[in-house]
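Okay, so here's the structure we're looking at.
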Amino acid sequence: MEIVVKGFTKHFGDTAVIENMNLTVKDGEMLALLGPSGCGKSTTLFAICGIHKMDAGQVLFGDRDVTHVPAQQRNVGMVFQSYALYPHMTVFQNIAFPLTVRRESKVDIKRKVMEIADLVYIGELLERRPAQLSGGQQQRVSLARALIRRPGVLMLDEPLANLDARLRLEMRSELRRIQQETGIAAILVTHDQVEAMSICDRIAIMDQGKILQIATPAEMYQRPVNSFVAGFLGDPPISFLDGVVRQGILVLQGDADDTIPLPEHISGQPDGKVLRLGVRPEHYQPHFPTKVKGAVVFVEMQGREILFDVKLSNGDLLRSVQAASSQFKLGDTVEWGVDPAQILVFDDHGTRL
Amino acid sequence: MSVSARLGILFLAPALIFVTLFFFAPVVLTGVFSFTNMSTATGITGGAYQVTSNVLRQLADEGFEKSTLDRLGAKSYVVSAQALVVATTEGVVDKAVLVELESKHLGKTYQSRRDFERFLKKLKNRPRSTRDLKKISPYFRASLMGQRFESEEVLFAMLASLDLGLPDPQMRHVARASYTGWVWGTGNFKRMFSLGDNLRVLRNTGIYVVATLLLFNTGFALVLAIATFYLPGRHSAFFRGLWLLPRITPPVLYVLLWKWLAWDTGFINTILANFDIQSRNWMLDTGANAWLFVVLINGFVGASMGMIIFASAIKAIPQTMLHASEVDGANRWQQIRHIILPQIKWPIMFITVYQTLSLLTSFEYIWLSTDGGPGTSTEVWALAAFHAALDNYWGNLQYGYGAALALVLVVIGVVMSLIYLRLFNFDALITRPRIEQ
Ligand SMILES: Nc1ncnc2c1ncn2[C@@H]1O[C@H](COP(=O)(O)OP(=O)(O)O)[C@@H](O)[C@H]1O
Ligand SMILES: [Mg+2]
């Protein structure tokens, strides 16, 4: 089922949290709603599932306009950030709850609970209470409860945020497996770009109540619409260099000696134009042609790779990720190159050219 | 003992003294009084010995022989050495008659004053005037009736002088029966269990507690708390404030308003007069009406506490849990039944137990409104204890019996408190912090 949000607007008191948002989730896809804390991701989710009323706009589930349909009748499954399990019920009763309130027969309920419990691997926990479960197990129960009545759409509000690093990795792929096995359209809310990129078909990136870009992870990584998106994706993050155009060359701010030729696809910029370059760590390497000189001021060994921070003479930083065999040391003066084809160029409003 | 431990006791001392004075002492005294027959008649200090017609009747019931009782009750006249001594020292002028009585007639007994005086007139040294004669005879009166003896010994001496030939146990029996002060005994409890009225009072107490509790203190409180939870903020605050009013109104004023509502010339009758309905006191008209008012008056006051506790307990339920239930498809009623009620199970139990205890012992609103009436149809146990001990219609306040009635409430209270501490098992209510694995 395709989910369409049109012109969604939400105010809390006088503050506009969401302004005129449009969003489409295609049937069977997993869409990430990615953005920093407080940008309105949960608010969007709550509006789609009907917990919050929208101040303006429309929600369509397929052909059905559900804008004024109460949450009880929207048939959505939701996994809350805190899991929101019912502590006074057993795991079985928790998972069965959506069916119990619809008065399905005991036999049906039992069969469906067993089925879904097998899908999320919690078959042996059914008699326990939520307080007797670990975080990852609670997560699975919550997921089972959301899936049991075959919802039209599955909503996941920061489902992995409360798990430790190893469990997060495991649950991440579990979520994807289960979503793909059930074929249910899903919206995954997260502030973690790695999570979004690794398991979602598409990403909608949000900032301050607006969707900036909707694209596949690769597309968004390679062609971000603006400097915010470029800065939000990628770990270690992209480095930015500010400067002014002089005869087709960018003169970096603060120091007339440091210059970088503009890449070919950004030609014809007038003199005096203020621009910002974005260079990802994997595109600042010893062998690339466009040399930039600086001193290594920070080295971080990450096992398979090493992360270097290089300080230019004007004080700006460039990051570089290299194989662990790299021999450079703290304090070395280096002259590494940038891959001109991969440089991202933004204007003074942050929009990519 | 370490310094800090001693310091701790020092700091606790005021609390300990208060608890002892105002909690333990009343309970202990109630226990002590309940094993006495203290009343206005006996006083709370000592007493004296007095054989009255009541005492004789009691002794007859307890199997004393008729002849013995007749002699106890008779006004006989005996020429006893004792009487002679008294008469001599207290100045009977005519000593000759006394001498004659002592020498010749010691020990003679006459059944009435007339017989005795006739006998006196026949004496050799008989008094010259009838007036003197009449002055002598009272000294020889040997009746117990109407006399007050300060101690048992004096009473025994008197009994001995009557020459009744009573064995020791019977003498003591008479002493016990004629004692006017209070004595120890389990009579209060025998009386309590044998009195049919108390069964009715017990049933009344049950009706009062269960009806007020179910309808108002828990039931209506729950309805209010849930209803105001679903109302928008401002309205819910208003409704909760409204239901607090009865609680903060002075009880006498509050009950007076109800009385005014129900009086012959009160609000209800003024309205009903328009429909030609005979005016009457709606509160005391029938037993059923009295119950209605008693439950309403207590319930309106009692509902507010439960309401506040339940409302804050509901507010403490994590919002996401309620959201989750909505997304899961639960309608409002299912949300209440499956989420809210189970989540506030403990506050409900707590209020139920707590209010049971306080209803059992509270009678002030009943006292002020129906005072147990009409008849004894709304007389509850605590009120009965109060009536017996402190507000008796006949004026004889029965402290001992009242204390025995009150002791029943104390025992119920202690037992229920113990059950309730077990039930709530406070350790289990505290969830231990868990470290996520
Ligand atoms: N019930 C509310 N009342 C007032 N402000 C709210 C409410 N819920 C969320 N907000 C505000 O709306 C903004 C977006 O919140 P939210 O959607 O929860 O962000 P997130 O992207 O972290 O999920 C935040 O600034 C938050 O403070
Ligand atoms: Mg959120």
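I'd like to know if the stretch A:201-209 contains one or more residues that are within 16 Å of ligand 1 (Cβ to nearest atom) and within 14 Å of chain B (Cβ to nearest Cβ).
If we filter the stretch A:201-209 for residues that are within 16 Å of ligand 1 (Cβ to nearest atom), which is where we start, we get A:203-209.
Going one step further and asking which of them are within 14 Å of chain B (Cβ to nearest Cβ), we end up with none.
The answer is no, given that none of the residues of the stretch A:201-209 is within 16 Å of ligand 1 (Cβ to nearest atom) and within 14 Å of chain B (Cβ to nearest Cβ).
If you take the residues in the stretch A:150-200 that are small (Gly, Ala, Ser) and closer than 17 Å to residue A:83 by Cβ, which one is farthest from ligand 1 (Cβ to nearest atom)?
A:186
Name the pairs whose Cβ atoms lie under 6 Å apart, with the first residue in the stretch A:148-164 and aliphatic (A, V, I, L, M), the second assigned to a loop (DSSP other than H, G, I, E, B) and away from ligand 1 (no atom under 14 Å from the Cβ), and 6 or more positions between them or separate chains?
A:154/A:184
What number of residues within the stretch A:189-209 are within 8 Å of the chain's Cα centre (by Cα) and within 16 Å of ligand 2 (Cβ to nearest atom)?
9
Name the residue that is farthest from residue B:322 (Cα to Cα), counting only residues in the stretch A:30-67 that are more than 10 Å from ligand 1 (Cβ to nearest atom) and among the small types (Gly, Ala, Ser).
Selected residue: A:62.
Please give the number of the condition residue A:116 fails out of (1) away from ligand 2 (no atom under 16 Å from the Cβ); (2) over 13 Å from residue A:171 (Cα atoms); (3) within 11 Å of chain B (Cβ to nearest Cβ); (4) buried (at least 21 other Cβ atoms within 10 Å of the Cβ).
Only one criterion is unmet by residue A:116, namely (3).
Any residue in the stretch A:63-76 that is touching a Leu at 6+ places or on another chain (Cβ under 8 Å), within 16 Å of ligand 2 (Cβ to nearest atom), touching a residue at least 24 places away in the same chain (Cβ under 8 Å) and under 30 Å from residue A:220 (Cα atoms)?
no
Which of the residues belonging to the stretch B:116-153 are free of Cβ contacts under 8 Å to residues at least 24 places away in the same chain and of a type in the set (A, V, I, L, M, F, W, C)?
B:119, B:120, B:133
Conditions: (1) facing chain B (nearest Cβ under 9 Å); (2) part of a helix (DSSP H, G or I). Residue A:88 meets all but one. Number of the miss?
Among (1) facing chain B (nearest Cβ under 9 Å); (2) part of a helix (DSSP H, G or I), the lone unmet condition for residue A:88 is (2).
Taking the stretch A:264-292 on its own, how many of its residues are of a type outside the set (A, V, I, L, M) and in contact with a Ser or Thr (Cβ under 7 Å, 6 or more places away or on another chain)?
We begin by selecting, within the stretch A:264-292, every residue of a type outside the set (A, V, I, L, M); these are A:264-265, A:267-273, A:276, A:278, A:280-291.
Next, only the ones that are in contact with a Ser or Thr (Cβ under 7 Å, 6 or more places away or on another chain) stay: A:276, A:278, A:281, A:284-285.
The number of residues fulfilling the criteria is 5.
Out of all the residues in the stretch B:130-189, which are closer than 18 Å to residue B:53 by Cβ, part of a helix (DSSP H, G or I) and among the hydrophobic types (A, V, I, L, M, F, W, C)? If you could, list the steps in order and put the result at the bottom.
First, pick out the residues of the stretch B:130-189 that are closer than 18 Å to residue B:53 by Cβ: B:141-149, B:155, B:158-159, B:162, B:164, B:173-180.
Remaining after also requiring part of a helix (DSSP H, G or I): B:155, B:158-159, B:162, B:173-178.
Hits for the stretch B:130-189 are B:155, B:158, B:159, B:162, B:174, B:175, B:177.
Mind listing whichever residues of the stretch A:301-325 are outside any strand (DSSP E or B) and free of Cβ contacts under 8 Å to residues at least 40 places away in the same chain?
Taking the stretch A:301-325 as the starting set, the residues that turn out to be outside any strand (DSSP E or B) are A:302-304, A:312-316, A:324-325.
A:302, A:303, A:304, A:324, A:325, listed by residue number.
With the condition kept exactly as written, say whether any residue in the stretch A:100-120 is assigned by TED's automatic domain parsing to the domain that holds residue A:181, within 19 Å of residue A:23 (Cβ to Cβ) and either in contact (Cβ under 8 Å) with a residue 40 or more places away in the chain or within 16 Å of ligand 1 (Cβ to nearest atom) (or both). First the steps, then the outcome.
Taking the stretch A:100-120 and keeping what is assigned by TED's automatic domain parsing to the domain that holds residue A:181, we get A:100-120.
Restricting the remaining residues to those that are within 19 Å of residue A:23 (Cβ to Cβ) gives none.
Scanning the stretch A:100-120, I find no residue that is assigned by TED's automatic domain parsing to the domain that holds residue A:181, within 19 Å of residue A:23 (Cβ to Cβ) and either in contact (Cβ under 8 Å) with a residue 40 or more places away in the chain or within 16 Å of ligand 1 (Cβ to nearest atom) (or both), so the answer is no.
Condition check: over 11 Å from the mean Cα position of the chain (by Cα), more than 28 Å from residue A:11 (Cα to Cα) and either buried (at least 17 other Cβ atoms within 10 Å of the Cβ) or in contact (Cβ under 8 Å) with a residue 40 or more places away in the chain (or both). Does residue A:237 satisfy that? Spell out how you get there, then give the answer.
Working: over 11 Å from the mean Cα position of the chain (by Cα): yes; more than 28 Å from residue A:11 (Cα to Cα): yes; either buried (at least 17 other Cβ atoms within 10 Å of the Cβ) or in contact (Cβ under 8 Å) with a residue 40 or more places away in the chain (or both): yes.
Taking the combined requirement at face value, the residue satisfies it.
Determine which single condition residue B:204 fails, assuming it passes every other condition in (1) in contact (Cβ under 8 Å) with a residue 24 or more places away in the chain; (2) surrounded by fewer than 19 Cβ atoms within 10 Å (Cβ to Cβ).
Just one mismatch for residue B:204, condition (2).
From B:336, B:351, B:344, B:340, which residue is closer than 23 Å to residue B:421 by Cα and within 14 Å of another protein chain (Cβ to nearest Cβ)?
Values: B:336 fails: closer than 23 Å to residue B:421 by Cα; B:351 fails: within 14 Å of another protein chain (Cβ to nearest Cβ); B:340 fails: closer than 23 Å to residue B:421 by Cα.
Criteria check complete, one pass: B:344.
For the stretch A:32-62, give me each residue that is more than 14 Å from chain B (Cβ to nearest Cβ), within 16 Å of ligand 2 (Cβ to nearest atom) and touching a residue at least 12 places away in the same chain (Cβ under 8 Å).
A:32, A:33, A:34, A:35, A:36, A:37, A:39, A:40, A:41, A:44
The values are calculated or read from the model by the stated rules, or taken from the named source; none is laboratory data. Everything numeric in this text was worked out from a predicted model, so none of it was measured. A quick note on method: Cβ atoms are made from the backbone with ideal geometry, for glycine too, and the neighbour counts reach across all protein chains shown.
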